[in-house]
């Protein structure tokens, strides 16, 4: 239609802009979803009877999801480019701590903690970095689902038959991925924040 301004075209320059966030999202969602298929096995090793595994697995998954949902609005509002890497690093510590839990209650508490910690990372990364927001969001959401597929596959491959020290190897690997995400976010977002003019927040 005459007079309408054409939308800017998506280009390789836009891909380069969001590439760090794409990689970070894959890592973050891999670390968020890696343990899901193994929760029953893990709970069984902690002494949960077979007939209660389904209930406790559902409880662990539900509590993790509730913590994520409840914490998301607050963390989305409070987290900055400078503090964003700290959340991923904290998640790495919580993931590694899961390898050393001794009872189901500790496991449930850590699932709640991990859900709350990780809640602040995806909204910040999913913000996009270009005016071509529709295409950008498509790529970023694809990265999220890639991470959700890669995490469980990688973790179950490392876990194998579950005999020691394979569980420790699995948790250590996911911890390293979370730390890699923290480093990637720090390098890209801290640099971006430093390049932007300082704005006084509106109360």
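The values are calculated or read from the model by the stated rules, or taken from the named source; none is laboratory data. In this text the structure is predicted, and so the values were computed from the model without any measurement. Ideal geometry is used to build each Cβ from the backbone, glycine not excepted, and the neighbour counts take in all protein chains shown.
Give 61, 55, 76, 72 a once-over and let me know the one that is in a helix (DSSP H, G or I), surrounded by fewer than 20 Cβ atoms within 10 Å (Cβ to Cβ) and modelled with pLDDT under 85.
Only one candidate qualifies: 76.
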> If residue 189 passes every condition in (1) modelled with pLDDT of 90 or more; (2) surrounded by 15 or more Cβ atoms within 10 Å (Cβ to Cβ) but one, which one does it miss?
Replying inline: (1)
> List, please: which pairs have Cβ atoms under 8 Å, are six or more places apart or on different chains, and start with a residue in segment 105-120 that is at negative phi and end with one that is part of a loop (DSSP other than H, G, I, E, B)?
Replying inline: 107/46; 107/101; 110/101; 120/79
>> Could you tell me how many of the residues in segment 41-52 are touching a residue at least 12 places away in the same chain (Cβ under 8 Å) and in a helix (DSSP H, G or I)?
In response: 4
> Going through segment 150-171 one residue at a time, which ones are loosely packed, with under 15 Cβ neighbours inside 10 Å, assigned to a helix (DSSP H, G or I) and in contact (Cβ under 8 Å) with a residue 40 or more places away in the chain?
Replying inline: 168
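Every residue, every condition in (1) farther than 28 Å from residue 160 by Cβ; (2) modelled with pLDDT of 95 or more; (3) surrounded by fewer than 18 Cβ atoms within 10 Å (Cβ to Cβ); (4) touching a helix residue (DSSP H, G or I) at 6+ places or on another chain (Cβ under 9 Å), yes or no:
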| residue | (1), (2), (3), (4) |
| --- | --- |
| 1 | yes, no, yes, no |
| 15 | yes, no, yes, yes |
| 21 | yes, no, no, yes |
| 37 | no, no, yes, yes |
